[in-house]
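Any read-out appearing in this document is the output of simple, stated calculations on the displayed coordinates, not a laboratory observation. Not measured: the values here are computed from a predicted model. Cβ: placed from backbone, ideal geometry, glycine included. Neighbour counts: every protein chain shown.
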Amino acid sequence: MAATTRLRVGFCRPSLGSEELEAVGEVLSSGWLTTGAKASELEAEVAALVGCRHAVAVSSGTAALHLALEAAGVSSGDEVVVPSMTFAATAAVVHHVGARPIFVDTERETLTLDPEDFARKVGNSTRAVIPVHYAGHPCDMDAIRHIAGQADIRVIEDAAHALPSRYRSRSIGSIGDATAFSFYATKNLTTGEGGMLCTDHERWATQARMMSLHGIGRRTWEREGDDDAWAYEVEAPGYKYNLPDLLATIGVVQIRKLHAMQERRRALVSRYLEAFAGLEPLECPVARPEVDHAWHLFVARLRLECLTISRDRFIKELKERGIGVGVHFIPLHVHRYYRDTYGYQATDFPVAWEEYQRILSLPLYPSMSDQDSAAVVEAVWDVSSRFKR
Ligand SMILES: *Cc1c(COP(=O)(O)O)cnc(C)c1O
């Protein structure tokens, strides 16, 4: 089959419309493209939505995580606990501040960070933990905060998948010391690229804001109109992590549509759960009763003992039937850098390794039609039946 084959249902497509186009047009016409009023507006909207005191708009979720670790004072010699089952960014930022990531395994049921393994890995140098709300399912935050509280460990949440998620009626973004959201193109709310750092610590927010733009205290747009609008002071060697208004304005539109987009995600998930209920080779994801799941991803698991083919071949068969599929994630500890640097074996994190071999993420996004989801269901049933053991 040719590599250029167009998929019948692609893995992901952002939900953008004429409102976003119009908003971008307005920013272009305004003549103020970079960080300004629209970024501030998005900060206020996100803070109100998740219930945090401070929100700092940045250029990516990765930048938000990096700034949070720095604001938490994590530096060389420190250890930061990170699940192996996550994206590269979660552990890379630990290296960026000169610290060492300590991987932990995942819970079998939800594939979120395993609190018991976290407790086992806490040492004298542990300064922070980064729970990842995998696929949009919140981690066991009570257990994680309990362990962190006992050992004076900061909780910095990777909520790239979790806008909006809730844990025991509290929004993700209002629970830990800081929370990083991502507005990357595939995420539930997108600005193309972008992110938000949420925290109740005023000092963390002030520092993150300063470091996000060259380490300069008061910024250009805040000084506009002042007699000394030209003046600036460098307080520290900062980064270029600001979110431009050109992108922030897309987020302001998206946040108004978020409720409807989430409703559509939930409807699509219900259809999948119903359609796959009798399909033995496929295990569907669960949402624990105490959480509101953001359903960023629909991560199904294959019962390989019921099939004559591997997960990789299953994905290939779906692709040949026009269905795009992802794998979230290849655990970090089996990637070359981490194997070479820390000498990990695949089975060092047995749950992450075993589950990795049978996970696949099916298409799930608000702009999917009923026919799209029916096509996914049909293809999954077809491959499952054809290769049933
Ligand atoms: C997308 C993602 C990130 C990084 O977000 P960016 O905005 O792309 O920097 C971090 N962690 C996880 C789990 C992600 O899926």
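With axes computed from alpha carbons, what is the tilt in degrees of helix 202-211 against the longest principal axis of the chain, rounded to the nearest 10 within 0 to 90? Around 90 degrees separate the two axes. In order along region 155-169, the Karplus-derived 3J(HN,Hα) couplings, from 6.51 cos²θ - 1.76 cosθ + 1.60 at θ = phi - 60°, round to 9, 10, 8, 8, 10, 4, 9, 10, 10, x, 10, 9, 10, 6, 6 Hz, and Gly and Pro are given as x.
According to the square roots a ≥ b ≥ c of the eigenvalues of the Cα gyration tensor, what is the shape class of region 76-214, taking rounded for a/c under 1.5, prolate for a/b larger than b/c otherwise, and oblate for the remainder? Taking the square roots of the gyration eigenvalues as a ≥ b ≥ c, region 76-214 is rounded. Across q = 0.07, 0.11, 0.14 Å⁻¹, the chain modelled as identical point scatterers on its alpha-carbon atoms has Debye log10 I(q)/I(0) values of -0.33, -0.81, -1.24, in the order of the q list.
Relative to the dominant Cα principal axis of the chain, helix 370-386 is inclined by about 50°. For Leu307, what charge total do you get from the other residues with a beta carbon under 14 Å from its beta carbon, if Lys and Arg give +1 and Asp and Glu give -1? Every neighbour counted, the sum reads +3. Descending by average beta-carbon neighbour count within 10 Å, the peptides 100-109, 281-290 line up as 100-109, 281-290, the highest first. Using alpha carbons only, how many degrees (0 to 90, rounded to 10) separate the axis of helix 311-320 from the longest principal axis of the chain? Approximately 90 degrees, to the nearest 10. Sequentially through region 85-95, phi angles give Karplus couplings (6.51, -1.76, 1.60; θ = phi - 60°) of 7, 7, 7, 3, 4, 4, 9, 4, 5, 5, 5 Hz, Gly and Pro residues having no value and appearing as x.
At a Cβ-Cβ separation cutoff of 4.7 angstrom, cysteine residues of the chain with no neighbouring cysteine are Cys12, Cys139, Cys284, Cys306.
Per-residue ellipticity at 222 nm computed for the chain from its helices equals -12000 deg cm²/dmol, with DSSP H segments shorter than 4 residues left out and the rest contributing -39,500 (n - 2.57). For region 207-266, the relative contact order works out to 35 percent when only alpha carbon pairs closer than 8 Å and six or more residues apart are counted. Projecting the Cα atoms of Ile309, Pro350, Ala375 onto the charge dipole of region 292-389 (Cβ charges, centred on the Cα centre) puts Ile309 farthest toward the positive pole. Label-to-label distance for Trp32 and Ala374 is 4.9 nm, based on points extended 7 Å past Cα in the beta-carbon direction.
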